């Protein structure tokens, strides 16, 4: 049930499933870097999307078939290799299209069918998803937003936003870019109740993190 979902998954452990009226969300931890992979499936049409085919293709084979047929698309949040170790195998297994941010697409090991930019809209069945560009962890990092018509927003942030801070950057300029995007495109636009799902580790809400934005910017990481 939705109210039992915590998102505190562990590598080797079971997936956690959240059932919203219009969308089923399943979270699975995979691989040596404790990556999160997410299934989003429309409850009306059974069409599915996988976010980050990170590792352990045999476990993703089960995830992409949860509650329906194999997903029709796989979205990679950014170019770093720990987020696409199982991409090629899972694309072949599911016969799925590949989505990625425009500026990271050429770094992936497979051809990208849809190159996404900030402000783009994609659909999973009847569910509408918004693409948010978050520049800094990588040039083409993207987040995926589902505005539940009957509840709170749900945001999949890759490695750009975690409980406790933004993602790792390699220069002060990249850090400033990421903080600017996270503040203006996420915290300034979405309510505290927004639940976000990062690329590693536990979930959080924007309300839990919002009081710390100035602290993050001051410390520089």
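Some observations on this one:
- Output for the stretch 98-109, where each listed residue is out of contact with any helix residue (DSSP H, G or I) (no Cβ under 7 Å at 6 or more places or on another chain) and either at pLDDT below 95 or surrounded by fewer than 16 Cβ atoms within 10 Å (Cβ to Cβ) (or both): 106
- Applying the criterion of being within 23 Å of residue 4 (Cβ to Cβ) and not in a loop (DSSP other than H, G, I, E, B) to the residues of the stretch 61-81, the residue that is farthest from the chain's Cα centre (by Cα) is 62.
- Identification of strands (runs of 3 or more DSSP E) wholly contained in the stretch 1-59 with 2 or more residues that are farther than 18 Å from residue 157 by Cβ yields 16-19, 35-42.
- Cβ-Cβ under 8 Å pairs, at least 6 apart or on other chains, the stretch 194-214 side on the phi > 0 side of the Ramachandran plot, far side surrounded by fewer than 16 Cβ atoms within 10 Å (Cβ to Cβ): 201/163
- Residue 93 being at pLDDT 95 or above, out of contact with any strand residue (DSSP E or B) (no Cβ under 6 Å at 6 or more places or on another chain), within 27 Å of residue 62 (Cβ to Cβ) and crowded, with 16+ Cβ neighbours inside 10 Å: yes
- For the stretch 191-205, the candidate set comprises residues that are under 22 Å from residue 19 (Cβ atoms) and in contact with a helix residue (DSSP H, G or I) (Cβ under 8 Å, 6 or more places away or on another chain); within that set, the residue that is surrounded by the most Cβ atoms within 10 Å (Cβ to Cβ) is 196.
- All conditions in (1) in contact (Cβ under 8 Å) with a residue 40 or more places away in the chain; (2) buried (at least 20 other Cβ atoms within 10 Å of the Cβ) hold for residue 31, with the sole exception of (2).
- Residue among 75, 40, 66, 50 that alone is in contact with a helix residue (DSSP H, G or I) (Cβ under 9 Å, 6 or more places away or on another chain), at pLDDT 95 or above and within 23 Å of residue 128 (Cβ to Cβ): 50
- Looking only at the stretch 82-95, and only at residues there that are assigned to a loop (DSSP other than H, G, I, E, B) and out of contact with any helix residue (DSSP H, G or I) (no Cβ under 6 Å at 6 or more places or on another chain), the one that is nearest to residue 113 (Cα to Cα): 95
- Some residue of the stretch 151-160 being surrounded by fewer than 21 Cβ atoms within 10 Å (Cβ to Cβ) and under 23 Å from residue 56 (Cα atoms): no
- Which listed residue, of 86, 37, is crowded, with 24+ Cβ neighbours inside 10 Å and more than 14 Å from the chain's Cα centre (by Cα): 86
- Among (1) closer than 17 Å to residue 142 by Cα; (2) outside any loop (DSSP other than H, G, I, E, B), the one test that residue 168 misses: (2)
- Taking first residues from the stretch 66-89 that are without any contact (Cβ under 8 Å) to a residue 24 or more places away in the chain and partners that are part of a loop (DSSP other than H, G, I, E, B), the Cβ contacts under 8 Å between residues at least 6 apart in sequence or on separate chains come to 69/46; 88/109; 88/110.
The values are calculated or read from the model by the stated rules, or taken from the named source; none is laboratory data. Everything numeric here is computed off the predicted structure, so don't read it as measured data. When we count neighbours, we look across all protein chains shown, and the Cβ atoms used for this are built from the backbone with ideal geometry, even at glycine.
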